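Undergrad: Pasting a structure here, questions to come.
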Amino acid sequence: MSPPTRLPQVPPVCRAEPYDPYSTVDLAAATAAQRERIRAHLLFSANTGDPAAYLLPSYEQAKLSAT
C-alpha cells in the first residue's frame, strides 16, 4: 500500500498593515456634524481586520450533522 499523497501547503494570509486613524482624517477642516460622523465610524466600524467570532453550531445544526 502506498503512502497517502500530501496536498501542497497554502501560503499564509496577507493581512493589511495597521494604520493610525488620526493620521488619515483631517479634523481641522471638518464641521461638527462631520466630526461626529467620523467619530462614529472610528468607534463602531474600524475593526476591518478582525475575523468573525466563532459560534458553536446550534442544536438543530448538530442534530442534522449527526444523522
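The values are calculated or read from the model by the stated rules, or taken from the named source; none is laboratory data. For clarity, every value in this text was computed on a predicted model and none was experimentally measured. SASA here: full protein model, heavy atoms, side chains in, ligands and nucleic acids out. Shrake-Rupley method; radii C 1.70, N 1.55, O 1.52, S 1.80 Å.
Undergrad: Name the one entry in Ser58, Ser65, Ser2 that is hydroxyl-bearing (Ser, Thr, Tyr) and at pLDDT 75 or above.
TA: Exactly one residue qualifies, and that residue is Ser58.
Undergrad: Something else: Could you grab me the full set of residues in segment 2-45 that are open to solvent by 100 Å² or more (accessible area, probe 1.4 Å) and polar (S, T, N, Q)?
TA: Within segment 2-45, Thr5, Gln9 qualify.
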